[in-house]
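S.K.: Please read through the structure below; I'll follow up with questions.
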Amino acid sequence: MAPTALICDTQPWKDLKAHVEEIKKTHLRELLTDTERCKQMLLEFDGITLDYSRQQATLGTLNKLQKLAEAAHLKDKIERMFKGEHINSTENRSVLHVALRAPRDAVVKSDGKNVVPDVWKVLDQIKDFSDKVRNGSWVGATGKPLTNVISVGIGGSFLGPLFVHTALQTDPEASKQAKGRQLRFLANVDPIDVARNITGLNPETTLVVVVSKTFTTAETMLNARTLRTWISKELGPSAVAKHMVAVSTNLMLVEKFGIDPKNAFAFWDWVGGRYSVCSAVGVMPLSLQYGFSVVEKFLNGAWSVDNHFSSAPFEKNLPVLLGLLSVWNVSFLGYPARAILPYSQALEKFAPHIQQVSMESNGKGVSIDGVPLPLETGEIDFGEPGTNGQHSFYQLIHQGRVIPCDFIGVIKSQQPVYLEGEIVNNHDELMSNFFAQPDALAYGKTHEQLLKENVPDHLIPHKTFTGNRPSISLLLSSLDAYKIGQLLAIYEHRVAVQGFIWGINSFDQWGVELGKSLATQVRKQLHASRTKKAPVQGFNSSTTTLLNKYLQESLD
Ligand code: F6P
């Protein structure tokens, strides 16, 4: 197939470049006076309200972005994804995480085969197994119920499940189902993370779920062996069969590791690691903790957005609009970062998850055809829940660098509010900040305003806020399992839209390989030096010096 033209060579891209000057002349203060524009920049879908009126964009900009979407063949690319075409061309794979949340009677094909029955076969297995563990008909080697779960995995085999677990923990319905149970996550190979995970846990009542798509990831396999040793030492080697299960696409390696294939829960190569939370990767540990019916609601929420994404017209399509606006911010306005700011403590692990989804997907230097790109792709994602972040890094966002912000708020808190002699309750206080911050960023504070407030001259420059700093506000009606699924899918698809526009492959991750292979070289050296006193060799002088120091001093 002939290589596709680079998006930056198309007329809509050039038009948007030319449009930047015009936009830069208009302050958000002015744009926000246009109520018709504001109305048009408000979108509601299934309990979610998106307000993007605080973007440095006019309706004309939106129009131009729609033309860019046409030039990038966005519609066709989305369709090809849903049709199971091998859009992950460097790995020759379909990209079908949407099939993981499809209802039983849906048809989603990969290589001509409907994969939905396979998905549901595994979901039924998970339901059956997690029910047994939860109701005590599957017990540990000494006959005790398994009330504690350690999920061992890293990257996509960790961050998504951790985000959803953290968000469900305070949801009343989910937390009722989790009574008396614990779910922990062992991700880092650091012995400190191992200690944190096993401290206070009795192996007799602990189930270990080893989660790895490849079942080769060095950190996960070492941690899995460490926990296997912990169980064997305490309960005897035969206990492993009752205390360890696995989630993987590589069932052969699972068996080789010593986990009974009957206790292995499969997924497929058409699920990217960072898009795998809706597969057994997330469904297994979350069902053990909250019961399958709660997790099913989460999957339904994601599916509602999948349907919306594949069918809504672009001007009313949440992930499409968000993706286009991100491209506008990164590629045209030149803002390289994005802050994800949920005004909900339950979403404290959302930004770390989206960091991987977004940065591992879109941090690329070449087009999908391998042509070096004359444009930057991806963005630097970071975030913290508000209001905590306000007392940390917001200073920079208000008066330093311009960083487009995603404000995420919830109308009905997961938790009851208490009010005793206060002006507002805790949730209203939280949300007061959610509503105030976007306007503070957009409007800023002028010299004139400060003069009127009698601010001394020497402080005026310090107290001036330039404003004109873009944000979007996403207001969720509540934060239950369904909404958490929706939020996840909105961000997953937004990232895909950005990648489709930039013309890159958002579904491979070759950039993580080099570090891994160099670590293998170091690992071999450390082993040889420790066991055979082999001198450090084959590294540059800097690494050689550091390795020698490490080897010498770690033995002291
Ligand atoms: O960080 C690289 C990566 O390959 C991620 O894409 C993936 O989510 C993670 O490692 C873990 O991989 P696995 O599930 O195969 O252990």
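The values are calculated or read from the model by the stated rules, or taken from the named source; none is laboratory data. Keep in mind it's a predicted model, so treat the numbers as computed, not measured. Note that we place each Cβ from the backbone using ideal geometry, even for glycine, and neighbour counts take in every protein chain shown.
S.K.: Considering every residue within the range 274-281, establish whether at least one is more than 15 Å from ALA224 (Cβ to Cβ), touching a strand residue (DSSP E or B) at 6+ places or on another chain (Cβ under 8 Å) and at pLDDT 95 or above.
M.R.: Yes.
S.K.: List, please: which pairs have Cβ atoms under 8 Å, are six or more places apart or on different chains, and start with a residue in the range 515-533 that is in a helix (DSSP H, G or I) and end with one that is within 16 Å of the ligand (Cβ to nearest atom)?
M.R.: Cβ pairs passing all conditions: LYS516/ALA218; ALA519/ALA218; THR520/ALA218; ARG523/ALA218.
S.K.: Quick check on the range 354-385: of everything there that is charged (D, E, K, R) and outside any loop (DSSP other than H, G, I, E, B), which residue is nearest to the ligand (Cβ to nearest atom)?
M.R.: Top of the filtered list is GLU360.
S.K.: For the range 216-229, which positions are more than 7 Å from the ligand (Cβ to nearest atom) and either charged (D, E, K, R) or in a loop (DSSP other than H, G, I, E, B) (or both)?
M.R.: Passing the criteria: GLU219, ARG225, ARG228.
S.K.: It is to be established whether one or more residues within the range 502-513 are under 17 Å from the mean Cα position of the chain (by Cα), of a type in the set (Phe, Trp, Tyr) and surrounded by 15 or more Cβ atoms within 10 Å (Cβ to Cβ).
M.R.: yes
S.K.: Can you spot a residue in the range 452-464 that is part of a loop (DSSP other than H, G, I, E, B), modelled with pLDDT of 95 or more and either surrounded by 15 or more Cβ atoms within 10 Å (Cβ to Cβ) or aliphatic (A, V, I, L, M) (or both)?
M.R.: yes
S.K.: Also, I was wondering about something else. When you look at VAL295, is it in contact (Cβ under 8 Å) with a residue 40 or more places away in the chain, closer than 22 Å to VAL107 by Cα, of a type outside the set (Asp, Glu) and more than 16 Å from the ligand (Cβ to nearest atom), yes or no?
M.R.: So VAL295 passes the test.
S.K.: State all residues of the range 128-158 that are buried (at least 18 other Cβ atoms within 10 Å of the Cβ) and charged (D, E, K, R); if no residue qualifies, say none.
M.R.: If the condition is that a residue be buried (at least 18 other Cβ atoms within 10 Å of the Cβ) and charged (D, E, K, R), then ARG134 is the only one that fits.
S.K.: For the condition within 11 Å of the ligand (Cβ to nearest atom) and in a helix (DSSP H, G or I), what is the one hit in VAL281, VAL271, VAL277, VAL247?
M.R.: From the options VAL281, VAL271, VAL277, VAL247, the qualifying one is VAL281.
S.K.: Still on this model: So in the range 180-215, with the set limited to residues that are polar (S, T, N, Q), away from the ligand (no atom under 15 Å from the Cβ) and out of contact with any helix residue (DSSP H, G or I) (no Cβ under 7 Å at 6 or more places or on another chain), which one is farthest from LEU288 (Cα to Cα)?
M.R.: THR199
S.K.: Next question, about the same structure. Any idea which of (1) more than 16 Å from the ligand (Cβ to nearest atom); (2) hydrophobic (A, V, I, L, M, F, W, C); (3) under 28 Å from MET431 (Cβ atoms); (4) touching a helix residue (DSSP H, G or I) at 6+ places or on another chain (Cβ under 8 Å) is the one ALA351 doesn't satisfy?
M.R.: Condition (4) is where ALA351 drops out.
S.K.: If you don't mind, there's one more thing I want to ask. Before we move on, is HIS308 under 20 Å from the mean Cα position of the chain (by Cα), buried (at least 21 other Cβ atoms within 10 Å of the Cβ), within 16 Å of the ligand (Cβ to nearest atom) and modelled with pLDDT of 95 or more?
M.R.: Against the criterion (under 20 Å from the mean Cα position of the chain (by Cα), buried (at least 21 other Cβ atoms within 10 Å of the Cβ), within 16 Å of the ligand (Cβ to nearest atom) and modelled with pLDDT of 95 or more), HIS308 does not qualify.
S.K.: Can I ask one more? Does LEU341 count as farther than 18 Å from HIS165 by Cα and under 16 Å from the mean Cα position of the chain (by Cα)?
M.R.: So LEU341 passes the test.
S.K.: Does the range 284-292 contain any residue that is within 15 Å of the ligand (Cβ to nearest atom) and not hydrophobic (A, V, I, L, M, F, W, C)?
M.R.: Yes, that holds for at least one residue.
S.K.: Another question, then. Tally up the residues in the range 141-166 that are part of a loop (DSSP other than H, G, I, E, B) and within 11 Å of the ligand (Cβ to nearest atom), please.
M.R.: Of the residues in the range 141-166, 3 are part of a loop (DSSP other than H, G, I, E, B) and within 11 Å of the ligand (Cβ to nearest atom).
S.K.: Kindly provide the set of residues from the range 91-110 that are within 22 Å of the chain's Cα centre (by Cα) and either over 21 Å from TYR482 (Cα atoms) or surrounded by fewer than 20 Cβ atoms within 10 Å (Cβ to Cβ) (or both), ordered by number.
M.R.: Once the filter is applied, which keeps residues that are within 22 Å of the chain's Cα centre (by Cα) and either over 21 Å from TYR482 (Cα atoms) or surrounded by fewer than 20 Cβ atoms within 10 Å (Cβ to Cβ) (or both), the range 91-110 yields GLU91, ARG93, SER94, VAL95.
S.K.: Go through the range 488-521 residue by residue and tally those that are charged (D, E, K, R) and within 12 Å of the ligand (Cβ to nearest atom).
M.R.: 3
S.K.: Which residues, taken from the range 388-426, are more than 21 Å from the chain's Cα centre (by Cα) and assigned to a helix (DSSP H, G or I)?
M.R.: Scanning the range 388-426 gives GLN390, HIS391, TYR394, GLN395, LEU396, ILE397, HIS398, GLN399, ASN426.
S.K.: Taking the condition in contact with a strand residue (DSSP E or B) (Cβ under 8 Å, 6 or more places away or on another chain) and either under 24 Å from GLN356 (Cβ atoms) or not acidic (Asp, Glu) (or both), does VAL115 pass?
M.R.: Spelling it out, VAL115 is indeed in contact with a strand residue (DSSP E or B) (Cβ under 8 Å, 6 or more places away or on another chain) and either under 24 Å from GLN356 (Cβ atoms) or not acidic (Asp, Glu) (or both).
S.K.: Could you tell me which numbered condition LYS262 fails, if it satisfies all but one of (1) over 28 Å from PHE393 (Cβ atoms); (2) modelled with pLDDT of 95 or more?
M.R.: In the conditions (1) over 28 Å from PHE393 (Cβ atoms); (2) modelled with pLDDT of 95 or more, LYS262 misses (2) alone.
S.K.: Continuing with the same structure: Evaluate the range 320-331: report whether one residue or more is modelled with pLDDT of 95 or more, closer than 18 Å to ASP480 by Cα and touching a His at 6+ places or on another chain (Cβ under 9 Å).
M.R.: Scanning the range 320-331, I find no residue that is modelled with pLDDT of 95 or more, closer than 18 Å to ASP480 by Cα and touching a His at 6+ places or on another chain (Cβ under 9 Å), so the answer is no.
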